[in-house]
Ligand code: ADP
């Protein structure tokens, strides 16, 4: 083969060529030449190449490879490298092309070669490739090892990343699970000024723009405080979230928390911030921050606190009120009692001096009425306060009510030479559905005050008007008036203006509180205007339900109009003193009175009576054995119509509306309150017993 390469040359040239071949044979790297034609015949291979293939001679190599480049290369690599070679040649005609491929040695072992070749055209040999090769098996193995090592390293890294991701998502689940109550959960690394949100409330979410939501811790804290935290709590939260302070405090406590207020949707909401450290070790930098709404808890705690504070305040004022009440009562009761005791003593000492005695007795009478009024008012107030006053609604005739009030006050007005006028022209809806007695009580208290606090010769105007389902009751006087300072206290219990007390006008300071309470019970309002020395005007405004016409009032249970003759009055009373008073008063008034000391005795007396024997029964309510109402009802059920229809009048210390109602419902004709007003009693007895005898 070497001849082929040397043929056609001069002897000088041949020598040089031989020298060259010898040199090539001695080259440490492999070198060969092959034709660049279809067969790619091998033209030359140096000794180093033969060694690579494990052959002794070129012939041995040709026998192993078929004498061609194609036979040299491992069949699996052939196509790829040929394409690569031609491609490289096309791109550069001057550089060596480079390929790597495997070969199969004579001993069957596979080796890797690095191939640097070049295509040239020689006049003698035509198109040829000369190629430098080096055994790259070791290098390849080393590379392979390095690659494998790298791959393993990458795979490990990848695995670590996956494990980390899994850990992160596990932690997130854990955080989410533990933090169900938290509307925002953050992880922050204070050492690198980073905050990452695991869960975000709507308002905190507005401060993150990237996803996953993370940003600078300091910037977030500043914005959050400025934008959402209540101005009064900003300093508190600034301190709480200050990294240095967090480190300092977390060193001494595993968890920090603070409650603060947030301004959200134009309302204040209470939130709690909790901070825990999530890294062990002395240097605290990684923390978890949670924010949860504690609005309901705090508000109910505040309400509770307020409630307790109010309760305490109320308890205190109740004690004060009780003491004031007792001291007022003590004073106001002792005053008339003192008069009663004192004048009684004076009357006793002067019993022979008729004039004097009568005057003392008159004074006792005045003081008694005063005491009675005080007791009635106090009881009324107590009942209103305890909520036991109920409305007893029905058809009310406002004209009739106001007329009754005027009539009741006329004697007092006349005594003072006052003009007491009633105006009902503007009363477009005189019939209303309301509580008759409460309306009367309101109007009476106001009008009685007007009469009381107006000096001789003055005037009092009671005006009632109604329009659009609203009734207005105005009581106006030109009396002493009320000072500005006292006006704001006028509805307080026992409040009486200094000038009133000094002037010696009797009063309890309970009338107006009663009026106010009753007005409010009827859903109304009361207004007062007054000027000292000029007069006062009280206006009660009530929403009402008008009634078109007066319906027939339920017929009271009337005794049958049977002849009563000159029958006796049966006084049913268990209290000895009261019994004696009633009997004596009745006898003094010309009646024949008989006593029964409880309801059952009365029933027996009537059951066994002859018709006409008893003209009327005066019945106490609270009694042992059988109470007045039961007794009245039992009498009403007697079979004899003469007996069952005897008029019964309740005479009781139970003077409330409900007591009257109960009495009437149990068949009594009327109800009078104790103490006995003998004039009213006689008037009532005459009215009830003055029945026309019925024609047989
Ligand atoms: P009293 O029993 O003292 O009249 P009230 O509660 O009815 O109690 O009234 C409280 C106080 O209001 C009275 O003591 C009086 O000082 C003042 N007052 C009430 N009505 C009038 C009025 N028409 N003119 C002047 N002062 C009045």
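The values are calculated or read from the model by the stated rules, or taken from the named source; none is laboratory data. These figures come from a predicted structure and were not determined experimentally. Heads up, the Cβs are rebuilt from the backbone with ideal geometry, glycines too, and the neighbour counts pull from every protein chain shown.
Considering the stretch 392-416 alone, what residues qualify as being within 21 Å of residue 476 (Cβ to Cβ), in contact with a strand residue (DSSP E or B) (Cβ under 7 Å, 6 or more places away or on another chain) and either at pLDDT below 90 or surrounded by fewer than 16 Cβ atoms within 10 Å (Cβ to Cβ) (or both)? Correct list: 399, 403, 410.
Remark: residue 464 falls outside the filter, which requires a residue to be surrounded by 20 or more Cβ atoms within 10 Å (Cβ to Cβ), under 26 Å from residue 392 (Cα atoms), in contact (Cβ under 8 Å) with a residue 60 or more places away in the chain and within 12 Å of the ligand (Cβ to nearest atom).
When residue 348 is tested against (1) within 16 Å of the ligand (Cβ to nearest atom); (2) loosely packed, with under 11 Cβ neighbours inside 10 Å, only condition (1) is not met. Residue check: residue 615 meets all listed conditions (1) part of a loop (DSSP other than H, G, I, E, B); (2) touching a helix residue (DSSP H, G or I) at 6+ places or on another chain (Cβ under 7 Å); (3) at pLDDT 85 or above; (4) more than 30 Å from residue 381 (Cβ to Cβ) but one, namely (1). Any residue at all in the stretch 514-532 that's near the ligand (Cβ under 7 Å from one of its atoms), assigned to a loop (DSSP other than H, G, I, E, B), touching a residue at least 12 places away in the same chain (Cβ under 8 Å) and crowded, with 18+ Cβ neighbours inside 10 Å? No; the residues of the stretch 514-532 include none that is near the ligand (Cβ under 7 Å from one of its atoms), assigned to a loop (DSSP other than H, G, I, E, B), touching a residue at least 12 places away in the same chain (Cβ under 8 Å) and crowded, with 18+ Cβ neighbours inside 10 Å. Scanning the stretch 422-457 for residues that are in a strand (DSSP E or B) and more than 13 Å from residue 400 (Cα to Cα), we see that the one that is nearest to the ligand (Cβ to nearest atom) is 434.
Exactly one residue among 221, 288, 229 is touching a residue at least 60 places away in the same chain (Cβ under 8 Å), under 20 Å from residue 199 (Cα atoms) and crowded, with 18+ Cβ neighbours inside 10 Å, and that residue is 288.
Within the stretch 103-140, if we keep just the residues that are free of Cβ contacts under 8 Å to residues at least 12 places away in the same chain and in a strand (DSSP E or B), the residue that is farthest from the chain's Cα centre (by Cα) turns out to be 122. Candidates in the stretch 496-506 are the residues that are assigned to a loop (DSSP other than H, G, I, E, B) and modelled with pLDDT under 75; of these, the one that is farthest from the ligand (Cβ to nearest atom) is 504. Report yes if residue 590 is at pLDDT 75 or above, within 16 Å of the ligand (Cβ to nearest atom) and at positive phi, otherwise no. No; evaluated as a whole, the condition is false for this residue. Looking at the stretch 471-486, can you tell me whether even one residue there is within 12 Å of the ligand (Cβ to nearest atom), surrounded by 13 or more Cβ atoms within 10 Å (Cβ to Cβ), within 30 Å of residue 333 (Cβ to Cβ) and under 41 Å from the mean Cα position of the chain (by Cα)? Yes, there is a match, as at least one residue in the stretch 471-486 is within 12 Å of the ligand (Cβ to nearest atom), surrounded by 13 or more Cβ atoms within 10 Å (Cβ to Cβ), within 30 Å of residue 333 (Cβ to Cβ) and under 41 Å from the mean Cα position of the chain (by Cα). Yes or no: residue 564 away from the ligand (no atom under 11 Å from the Cβ), part of a loop (DSSP other than H, G, I, E, B), crowded, with 19+ Cβ neighbours inside 10 Å and at pLDDT below 80? Taking the combined requirement at face value, the residue satisfies it.
For the criterion of being within 20 Å of residue 510 (Cα to Cα), within 16 Å of the ligand (Cβ to nearest atom) and surrounded by 14 or more Cβ atoms within 10 Å (Cβ to Cβ), residue 385 fails.
The selection criterion, being over 20 Å from residue 682 (Cα atoms), modelled with pLDDT of 90 or more and over 60 Å from the mean Cα position of the chain (by Cα), does not hold for residue 635.
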